[in-house]
Amino acid sequence: MPGHGGRNRAAQHMIRRAGAQLFQDNDAGYLAWVQQHPNGFVLNAERHPSPNYLILHRAQCAHITRASQPGRWTVAYIKVCAPEVADLERWASREVGGRPQPCHWCAR
């Protein structure tokens, strides 16, 4: 099926789970989400998430959206985005067994 592979590729780049959207290898999608949800929140995690590195940011935090650094946001690290902090706390607990730590620059 010609269209089936494209659908799978898109699914690998953005995964939605209970209010949270995970972005991996999809900087354009991630930056679009941040732009569309300026009051949202972003969980920054290593590509293979660990409870030791789950940093919670406001969507507009310059440390996770600087336009001067294109092509690097969702490759070595993943971004899990949600309109509410509680969605990211649930994701971190369920998927990684950890708790997000607030960013020191944009802490809520």
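The values are calculated or read from the model by the stated rules, or taken from the named source; none is laboratory data. Remember, it's a predicted structure, so these values are computed and weren't measured experimentally. Here the Cβ positions follow ideal geometry from the backbone for every residue, glycine too, while neighbour counts run over all protein chains shown.
Count of the stretch 30-42 residues, restricted to those that are out of contact with any helix residue (DSSP H, G or I) (no Cβ under 6 Å at 6 or more places or on another chain) and either of a type in the set (Ser, Thr, Tyr) or touching a residue at least 24 places away in the same chain (Cβ under 8 Å) (or both), is 7. The sole residue among Ala10, Ala86, Ala67 that is modelled with pLDDT under 95, of a type outside the set (S, T, N, Q), more than 16 Å from Cys106 (Cα to Cα) and in a helix (DSSP H, G or I) is Ala10. The residues listed here are Arg47, Arg66, Arg94; of these, the one that is of a type in the set (Lys, Arg), surrounded by 11 or more Cβ atoms within 10 Å (Cβ to Cβ) and within 20 Å of Gly19 (Cβ to Cβ) is Arg94.
Taking the stretch 40-63 as the range and being closer than 15 Å to Ala107 by Cα and assigned to a strand (DSSP E or B) as the test, the residues that pass are Phe41, Val42, Leu43, Asn44, Leu54, Ile55, Leu56, His57, Arg58.
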